[in-house]
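Undergrad: Pasting a structure here, questions to come.
The values are calculated or read from the model by the stated rules, or taken from the named source; none is laboratory data. Everything numeric here is computed off the predicted structure, so don't read it as measured data. Cβ: placed from backbone, ideal geometry, glycine included. Neighbour counts: every protein chain shown.
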Protein chains: 2
Amino acid sequence: MRLVYLDNAASTRVDERVTEEMIPYFNDKYAVATSVFSYRMGLESKKAIDSARKIIAEKINASSDEIIFTSGETESNNIAILGTSGKNKGKSHIITTKTEHLSVLKTIEKLKEGGFLVSYVPVDKEGFIDCNALKKSIKKETLMVAICHANEEIGTIQNIEKIGKICREKKILFHVDATQTFTKMPIDVEKLNITTLTLSGHTIHGPKGAGALFIKKGTKIDKIMHGGFNEYDLRPGTENVPAIVGFGEAVRISGKDCKKVSVLRDYLIERITNEIPDIKINGPLGKDRLCNNVNISFHHVEGESILLRLDMKGICVSTGSACFSRSLEMSPTMKAIGNNHELSHGSIRFTLSKYTTKEEIDYTVESLKKIIKELRKISPLGK
Amino acid sequence: MRLVYLDNAASTRVDERVTEEMIPYFNDKYAVATSVFSYRMGLESKKAIDSARKIIAEKINASSDEIIFTSGETESNNIAILGTSGKNKGKSHIITTKTEHLSVLKTIEKLKEGGFLVSYVPVDKEGFIDCNALKKSIKKETLMVAICHANEEIGTIQNIEKIGKICREKKILFHVDATQTFTKMPIDVEKLNITTLTLSGHTIHGPKGAGALFIKKGTKIDKIMHGGFNEYDLRPGTENVPAIVGFGEAVRISGKDCKKVSVLRDYLIERITNEIPDIKINGPLGKDRLCNNVNISFHHVEGESILLRLDMKGICVSTGSACFSRSLEMSPTMKAIGNNHELSHGSIRFTLSKYTTKEEIDYTVESLKKIIKELRKISPLGK
């Protein structure tokens, strides 16, 4: 059976050109990059890393020495938040939302246990931050505003330019997780006044295990793991050369697909809206929605049941948040936008990618129509 | 020019069979493992990870749920030390040596800053721990003994069975970094009474970016990064499926090379001892030396000069510790075994691997003889 990937793995298919760039670094150019002071092969590994660093830096208008490589989004968010929390005396207040990635939410909860105050700024029904509330929540102890550029579940793209301006005015740090938007839309860290920016390889058809963190020059920040002097003495451990090379290549070849993907996104939304009754689109429509995200609640049915039936037809989708899909707990994002238990658990997330075709969308909608009809017939949830 | 890898990268050449196992997980089976509750492709990724976990667990006589995957040695050591330090109330003393890996030394220094007491047990001229001193340094506040199974610079293999017994008697945690020994010699965590054991992929012809930590059932330990519920809720972040698969394969195909490598090691030591005057072998000889490690100090010359001349002949070696090779600071291991500044800076580390040949060793010795002769002629360091 042919498989249709419309779940969050859709973006984790590594581009063949990326794999090709990586392979020589496994079996041939395998020297450790820290051997740069030792011999020429170490220097080659170092050069390969620096070249990837430059590609990534230029993409966000940063300089190379403002980029460190990490193992991924989670580690980058942890370094940005934990790393600054101990180095800025007297600053013990953080502003964030309930719609952040788990690695931001949980890291901030950890700081809270340690005595930090946290303000959760409300979001509206489409997931947009209330900028006035954000402004009002700023105190003289405020260390940082931490928000996602775009929400992974419902695709809401925040107005980070506006938030950046507030942070500039009030002289507070601004951490942005751009895992979902990097290479999909322009990001200029200088213009947007970003202090730390999380980037990830595997959401842009690069390899898993490759992440980066932009750290604005002059930021007071500490490492969270201890060891060697790698990555400007901020992230110890042998550099993962093949993964870094692949990450760089994924960024280099990126950038032309978002338009095409967003057309398919709108086509999927339109067909479901027109052909399946009793649904709710979660998140905004149009240009403020992530180009590859569709999230829809189907009244009177469980997301899990839809997912299992779609799987039988070879269609891979996710319920709500991937991270929360294993618990019966309601996703914090769904709660924050005001969805009740039924709407939250009846939600399905479709993630599109540059590999998604119109035929796949058509097949998915046709399958979905039948499945929803059948499930509603047997549903105990009313109707 | 043909390159002879005798530096610490020698063991980082990924076995072709490992790369072959990894590649399908880049472009084909790329689902995220946490989607296990969603659809069959997620389940396949989960199975691939669990299969690697089982291979690694069995190799050290552990059970699968005692193994978590990390990004490498540095992260594993950080989790083992930082993770237990906060969860065992009243335990604020650590016993270690000055000859540990930087990620152990620096993590313990961090705890010291936070109020921990640290006892550094002395080692003898060959790098062996003084077990009586270790025993005497135990207090009722002792949390843990943290030692390397084998020293990466001078190859000394510690008697971890004896140390394990002491820890069992005194009911203290025992952390062992087995990065250098894993798959090269048998490790039975039960018999050796190990609480936490650090393992790494790229030192056994597996991929970079793949490490593991054995954590004995019942150990009180906390995560050091915060986010998702991955890896038994101890290491958040999307699992690096291809790297984990490669790590598992590297372990599966390992195990037959150590004997052959140690014969070449002894041949290299013997030829240098017989054919180059005024040298000192650092570390022990014979069965208590790591099978792939040779470390020799050449009197009256600088290690850096030897290294550069060898590089011109296509031979890659390291000076002392890779991590310290960029600073003029003396390696703590060299200091601990009583080497003076001259002996320390005149030391060269040769790392052999299953790919090393007798011809390469012969070419290296012949080149070395000429280089040492020339350098001693122009050396300001006497002779």
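Undergrad: Please work out if B:M144 is more than 25 Å from B:E169 (Cα to Cα), over 17 Å from the mean Cα position of the chain (by Cα) and crowded, with 21+ Cβ neighbours inside 10 Å. Show your work before the answer.
TA: Values: more than 25 Å from B:E169 (Cα to Cα): no; over 17 Å from the mean Cα position of the chain (by Cα): yes; crowded, with 21+ Cβ neighbours inside 10 Å: yes.
No.
Undergrad: Can you find a residue in the stretch A:214-226 that is under 19 Å from B:T70 (Cα atoms) and of a type in the set (G, A, S)? Talk me through it step by step, then tell me what you get.
TA: Taking the stretch A:214-226 and keeping what is under 19 Å from B:T70 (Cα atoms), we get A:223-226.
So of that shortlist, the ones also of a type in the set (G, A, S) come out as none.
No: zero hits.
Undergrad: B:E302 versus (1) touching a residue at least 60 places away in the same chain (Cβ under 8 Å); (2) crowded, with 20+ Cβ neighbours inside 10 Å; (3) farther than 30 Å from B:I49 by Cα: which is the lone unmet condition?
TA: Tallying (1) touching a residue at least 60 places away in the same chain (Cβ under 8 Å); (2) crowded, with 20+ Cβ neighbours inside 10 Å; (3) farther than 30 Å from B:I49 by Cα, B:E302 fails exactly one: (2).
Undergrad: Check every one of the helices (runs of 4 or more DSSP H) wholly within the stretch B:17-85 and list those with 1 or more residues that are touching a residue at least 60 places away in the same chain (Cβ under 8 Å) and of a type in the set (A, V, I, L, M). Reasoning before the result, please.
TA: On the way: elements: B:24-27, B:40-59, B:73-85.
It comes to B:40-59, B:73-85.
Undergrad: Being within 22 Å of A:C258 (Cβ to Cβ) and basic (K, R) is the filter; apply it to the stretch A:329-383 and report the residue that is farthest from the chain's Cα centre (by Cα).
TA: Among them, the one singled out is A:K358.
Undergrad: Could you list, in sequence order, all residues of the stretch A:1-20 that are more than 7 Å from chain B (Cβ to nearest Cβ) and within 23 Å of the chain's Cα centre (by Cα)?
TA: Applying the first criterion (more than 7 Å from chain B (Cβ to nearest Cβ)) to the stretch A:1-20 yields A:1-2, A:4-6, A:10-11, A:15, A:17-18, A:20.
Passing the criteria: A:V4, A:Y5, A:L6, A:A10, A:S11, A:D15, A:R17, A:V18.
Undergrad: Kindly indicate which of B:D311, B:D233 is crowded, with 18+ Cβ neighbours inside 10 Å, within 11 Å of another protein chain (Cβ to nearest Cβ) and not hydrophobic (A, V, I, L, M, F, W, C).
TA: Values: B:D233 fails: crowded, with 18+ Cβ neighbours inside 10 Å.
Within the list B:D311, B:D233, the selection yields B:D311.
Undergrad: Could you pull out the residue among B:I56, B:I108, B:I94, B:I68 that is more than 14 Å from chain A (Cβ to nearest Cβ), buried (at least 19 other Cβ atoms within 10 Å of the Cβ) and either more than 30 Å from B:L3 (Cα to Cα) or at pLDDT 95 or above (or both)?
TA: Values: B:I108 fails: more than 14 Å from chain A (Cβ to nearest Cβ); B:I94 fails: more than 14 Å from chain A (Cβ to nearest Cβ); B:I68 fails: more than 14 Å from chain A (Cβ to nearest Cβ).
Sole residue among the options that is more than 14 Å from chain A (Cβ to nearest Cβ), buried (at least 19 other Cβ atoms within 10 Å of the Cβ) and either more than 30 Å from B:L3 (Cα to Cα) or at pLDDT 95 or above (or both): B:I56.
Undergrad: Is one or more of the residues making up the stretch A:21-29 more than 9 Å from every other protein chain (Cβ to nearest Cβ) and under 23 Å from the mean Cα position of the chain (by Cα)?
TA: From the stretch A:21-29, those more than 9 Å from every other protein chain (Cβ to nearest Cβ) are A:21, A:24, A:29; that's our starting set.
Remaining after also requiring under 23 Å from the mean Cα position of the chain (by Cα): none.
Within the stretch A:21-29, not a single residue is more than 9 Å from every other protein chain (Cβ to nearest Cβ) and under 23 Å from the mean Cα position of the chain (by Cα).
Undergrad: Let me ask another. Restricting attention to the stretch A:125-162, report how many residues are part of a loop (DSSP other than H, G, I, E, B) and either out of contact with any His (no Cβ under 9 Å at 6 or more places or on another chain) or touching a residue at least 24 places away in the same chain (Cβ under 8 Å) (or both).
TA: As a first pass, look at the stretch A:125-162 and keep what is part of a loop (DSSP other than H, G, I, E, B): A:125-128, A:130, A:138-141, A:149, A:151-155, A:158-159.
This time we only want the ones that are either out of contact with any His (no Cβ under 9 Å at 6 or more places or on another chain) or touching a residue at least 24 places away in the same chain (Cβ under 8 Å) (or both), so: A:125-128, A:130, A:138-139, A:141, A:149, A:151-155, A:158-159.
Selection size over the stretch A:125-162: 16.
Yes/no per residue for (1) out of contact with any helix residue (DSSP H, G or I) (no Cβ under 6 Å at 6 or more places or on another chain); (2) of a type in the set (A, V, I, L, M, F, W, C):
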residue: A:P236; (1), (2): no, no
residue: A:A243; (1), (2): yes, yes
residue: A:A250; (1), (2): no, yes
residue: A:G255; (1), (2): yes, no
residue: A:L268; (1), (2): no, yes
residue: A:D278; (1), (2): yes, no
residue: A:C291; (1), (2): no, yes
residue: A:S297; (1), (2): no, no
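Undergrad: Take the residues in the stretch A:334-367 that are in contact with a helix residue (DSSP H, G or I) (Cβ under 8 Å, 6 or more places away or on another chain), among the aliphatic types (A, V, I, L, M) and not in a helix (DSSP H, G or I); name whichever of them is farthest from A:R265 (Cα to Cα).
TA: Out of the qualifying residues, it is A:I348.
Undergrad: Being within 10 Å of chain B (Cβ to nearest Cβ) and more than 19 Å from B:N78 (Cα to Cα): is that true of A:T195 here? Give the steps one after another, and end with the answer.
TA: Details: within 10 Å of chain B (Cβ to nearest Cβ): no; more than 19 Å from B:N78 (Cα to Cα): yes.
Here the answer is no, as A:T195 does not meet what is asked.
Undergrad: Here's something else I'd like to know. Considering each of A:G209, A:G201 in turn, give the residue that is more than 27 Å from A:I296 (Cα to Cα) and surrounded by 24 or more Cβ atoms within 10 Å (Cβ to Cβ). Walk me through it before giving the result.
TA: Values: A:G201 fails: more than 27 Å from A:I296 (Cα to Cα).
Criteria check complete, one pass: A:G209.
Undergrad: In this structure, does B:K165 turn out to be at pLDDT 95 or above and outside any helix (DSSP H, G or I)?
TA: Working: at pLDDT 95 or above: yes; outside any helix (DSSP H, G or I): no.
It is false that B:K165 is at pLDDT 95 or above and outside any helix (DSSP H, G or I).
Undergrad: Only one of A:S85, A:S76 is crowded, with 21+ Cβ neighbours inside 10 Å, over 16 Å from the mean Cα position of the chain (by Cα) and farther than 22 Å from A:A336 by Cβ. Can you tell me which?
TA: Details: A:S76 fails: over 16 Å from the mean Cα position of the chain (by Cα).
Result of the check over A:S85, A:S76: A:S85.
Undergrad: Same structure again: Please determine whether any residue of the stretch A:255-268 is touching a residue at least 40 places away in the same chain (Cβ under 8 Å), within 14 Å of another protein chain (Cβ to nearest Cβ) and either more than 30 Å from B:I23 (Cα to Cα) or not hydroxyl-bearing (S, T, Y) (or both). Walk me through how you get there before you give the answer.
TA: The initial filter retains those residues of the stretch A:255-268 that are touching a residue at least 40 places away in the same chain (Cβ under 8 Å), namely A:255, A:257-258, A:260-261, A:264-265, A:267-268.
If we keep only those that are within 14 Å of another protein chain (Cβ to nearest Cβ) too, we end up with none.
There is no residue in the stretch A:255-268 that is touching a residue at least 40 places away in the same chain (Cβ under 8 Å), within 14 Å of another protein chain (Cβ to nearest Cβ) and either more than 30 Å from B:I23 (Cα to Cα) or not hydroxyl-bearing (S, T, Y) (or both).
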